[in-house]
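We did not get these values from a lab; they are worked out from the coordinates using the rules stated. Note that this is a predicted model, so its numbers are computed, not measured. Positions of Cβ are backbone-derived with ideal geometry, glycine not excepted, and every protein chain shown enters the neighbour counts.
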Amino acid sequence: MNQARQKILQNIRHSLGRNELDVNTINKLKARLAAHTVHEQPALPKDLISLFIHKLKQVAATLELIPNAKEIPFAVLAFLQKHNLAQKLVMDANLKNLPWPNKWQIAYRAAQVEDQLSVTTAFAGIAETGSLVLLSSTASPTTLNFVPENHIIVLHRKNLVPHIEAVWMRLRAQAMPRSVNIITGPSRTADIEQTIQLGAHGPRRLHVILVN
Amino acid sequence: MKSTAHIFKYKTKIALKNVNLQNALARSKSHFIDKRRAAVNALPEFNRLRQRACEIKEHTLAHLDFYLEYFETQVHNSGGYVHWADTPQAACEQIVSICQATKAQRVTKGKSMISEEIALNTALELNGIEVTETDLGEYIIQLAKEPPSHIIAPAVHKTREEIANLFYEHHQKYGFTKRLSQIPELVSEARKVLRKKFISADVGITGANFLIAETGSAVIVTNEGNGDLTNTLPRVHIVVASIEKVLPSLEDVATFLRLLARSATGQELTSYTSFSTGPRRPEDLDGPEEFHVVLVDNGRSEMLGNEFHEMLRCIRCGACLNHCPIYSAVGGHAYGWVYPGPMGSVLTPLMLGLDKASSLPHASTLCGRCEEVCPMQIPLPKLLRQLRVKHYQSQGKASFVGLGLKFWAVFAKRPRIYHFMTAIIIRLFARLGNLGIGRNLPRPQGETFMAAWKKRQAKS
């Protein structure tokens with residue numbers, strides 16, 4: 001294995017017509033990595049919320065705008081009723097303190113095959129593409145984002161950013177989690193006759209609750 | 001997989017007569033082209049992004065040793081392992097040994113072209129490991145025991161009836177005994193069958209669209225979510241990626257993400273763009289316990305220094321396939337190996353040897369559309385021409401085409417005889433009309449260009 005490593009690196013240097021890089025160049029490359037320079041970004045309209053909502057629609061996600069976090073359980077209830085789902089949820093532990101109805105069965109754990117609905121909190125929303133960024137953590141295991149057929153994501157308005165690069169800046173303030181998922185609409189496939197079909201392996205429905 | 005690139009001409013003839021294939025190609029062509037055009041037109045910055053992406057890639061390739069070593073360090077720092085493989089055999093051996101060390105019996109896979117390139121499934125199966133492709137398209141062609149016919153839409157050549165038959169045949173053992181006909185039913189049945197595979201898998205193998213040196217992350221972009229179930233549910237996650245996939249920073253990747261999905265499917269981003277960094281953290285409730293990255297060279301480090309190095313910029317979006325008149329006429333299987341279309345016609349001879357795929361560089365009209373739509377501005381027609389030159393030079397004896405040109409030159413160097421002969425031939429063709437030799441040529445109007453020109457000059 002180390003032999004292959006040496007061989008590949010030597011081949012690369014040989015092809016590039018040089019030896020190992022000198023300290024000066026290495027320092028320049030390290031400086032480039034540390035600079036986090038943002039390249040060209042698409043120009044966006046000023047109203048990020050409208051853009052975000054428009055982009056969500058384009059990717060077949062649904063949205064409810066609510067004034068404050070206390071309303072989250074009502075928004076979830078509305079979703080349950082609309083799609084005729086059981087009051088059984090698996091949830092991000094960050095949402096534990098909300099006034100959930102007592103009779104609901106709520107679990108705070110990794111998702112299991114029989115789970116029909118998960119509710120998670122987004123680390124950020126990206127207006128440019130209508131995407132939601134979810135990080136793996138003890139409170140929000142990655143399986144919540146992919147196993148249940150219905151996925152509700154709570155996004156707080158202060159976490160809505162214009163471009164993806166703003167997410168990187170926020171992400172660097174903490175340790176890189178095992179998994180960063182940028183989610184743009186529900187799961188889909190076009191592998192049979194180029195016909196788009198939602199719910200290939202991940203959630204069939206993606207619902208966003210935007211807390212203003 | 002065993003290459004049949006050497007019989008490309010023969011396979012094109014079969015492909016042109018395959019009605020199902022021709023229907024599928026006609027359907028997919030407009031689908032991809034229209035969607036890409038709409039997405040690119042909606043982004044005025046597209047060309048500037050394209051320019052920037054090329055700069056970033058060239059910078060990375062020029063310092064590839066540094067970025068690979070930096071990536072390796074970062075993977076180690078996040079608790080993962082990096083393995084280096086110079087050949088396909090070495091890569092397969094390493095992956096098999098990781099599987100054996102964890103006593104794996106079942107493997108699920110996300111879609112990965114490099115795993116096709118190194119023939120990973122065969123290697124795993126030879127060692128008694130069950131492999132299941134989980135991307136729907138890949139799953140379909142795995143059941144059909146066929147190679148992918150498109151790098152992002154592997155089952156694009158299959159009709160829904162063919163897929164229904166495959167499911168009917170292979171899903172009986174899971175208790176699905178009904179023959180289906182509708183697309184939603186087919187997708188839903190595959191979802192149920194593959195769910196069981198996801199849950200029982202010991203190892204999940206994915207490719208990588210990008211590797212990030214800064215963080216030691218592997219990035220995959222998917223629409224189905226199969227890649228994420230593959231890298232989250234099993235206890236070991238193996239990423240297999242070729243060395244040119246590495247990019248310096250998260251900001252650099254952002255530029256590429258804006259180009260990739262637009263060029264491929266016309267989406268701004270695919271449904272899922274996922275960054276995997278190391279194994280599960282001690283406090284995590286899910287995720288793999290081990291994280292491995294296998295870096296595959298397979299000739300790329302040599303390409304870096306030769307006249308084909310621009311090919312290393314390729315991000316496997318498939319736009320050149322979708323816009324190629326040859327690919328659109330014969331589909332992917334005719335090309336005979338893993339990579340079809342213009343990018344494949346460059347890569348296959350470079351990876352397998354020009355003598356084993358000498359027809360492929362000629363499978364192009366050099367119309368230039370591939371270069372025009374390539375997000376990485378790879379001069380594909382130039383690279384194809386270079387391969388043609390190499391092929392010509394490698395031939396010791398004169399070819400059929402060469403002899404024909406020499407014969408033509410005898411006349412071309414003698415204008416009077418040439419004009420006399422063409423006038424006769426053209427009159428003959430005008431009288432004979434359609435010769436019935438496979439294609440219909442427009443009937444000549446009975447006069448050579450020179451003769452018509454003289455008449456016109458005389459009039460004015």
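Numbers for the structure displayed
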item	result
Long pairs among B:K109/B:K192; A:K82/B:K111; B:K197/B:K356, criterion Cα-Cα beyond 27 Å	A:K82/B:K111; B:K197/B:K356
Chain B: calculated mean residue ellipticity at 222 nm from DSSP helix runs of at least 4, using -39500 (n - 2.57)	-15500 deg cm²/dmol
Gain on full stretching of the segment that runs from B:Q395 to B:Y418 - 0.36 nm per residue minus C-alpha separation	5.3 nm
B:K173-B:N18 FRET efficiency (beta carbon distance; Förster radius 35 Å; 0.05 resolution)	0.70
Amide H contacts under 5 Å for A:F123, placed H, 5+ residues apart	A:V133, A:L134, A:L135
Eligible aspartates and glutamates near B:K35 by straight Cα distance, threshold 15 Å, same-chain separation 8 or greater	B:E268
Charge dipole magnitude, Cβ of K and R +1, D and E -1 - the stretch B:59-301, Cα centre, debye nearest 20	960
Neighbour-count order for B:I220, B:I326, fewest beta carbons within 10 angstrom listed first	B:I326, B:I220
Antiparallel DSSP beta bridges within the stretch A:66-188, percent to nearest 5	35
Summed side-chain charge close to B:A334 - residues other than B:A334 whose Cβ falls under 11 Å, Lys, Arg +1, Asp, Glu -1	+3
Inter-site label distance for A:E114 and A:L44 at 7 Å from Cα along Cβ, in nm	4.2
Residue order, fewest to most beta carbons within 10 Å, for B:M311, B:M421	B:M421, B:M311
DSSP-loop GluC sites (Glu not before Pro) across the stretch A:80-188, with at most 11 other Cβ within 10 angstrom	A:E114
Share, in percent, of DSSP beta bridges within the protein assembly as shown that are antiparallel, nearest 5	30
Under Karplus coefficients 6.51, -1.76 and 1.60, residue-wise ³J(HN,Hα) of the stretch A:41-49 in Hz, glycine/proline x	10, x, 5, 10, x, 5, 7, 5, 4
Net charge over other residues, Cβ less than 10 angstrom from the Cβ of A:G130 (K, R count +1; D, E count -1)	0
Where no second cysteine Cβ lies under 4.7 Å, the cysteines concerned in the protein assembly as shown	B:C54, B:C92, B:C99, B:C314, B:C317, B:C324, B:C367, B:C374
C-alpha long axis of helix B:415-432 to longest principal axis of chain B, angle in °	80
HN-Hα J in Hz across the stretch A:13-29 - Karplus 6.51, -1.76, 1.60, θ = phi - 60°, x for Gly and Pro	5, 4, 4, 7, x, 8, 8, 4, 5, 7, 4, 4, 5, 4, 4, 5, 5
Computed [θ] at 222 nm, deg cm²/dmol, chain A (DSSP H ≥ 4; -39,500 (n - 2.57); rounded to nearest 500)	-8000 deg cm²/dmol
Amide N of the stretch A:171-212 lying under 19 Å from the label point, which is placed 7 angstrom from the Cα of A:A69 along Cα→Cβ	A:208-212
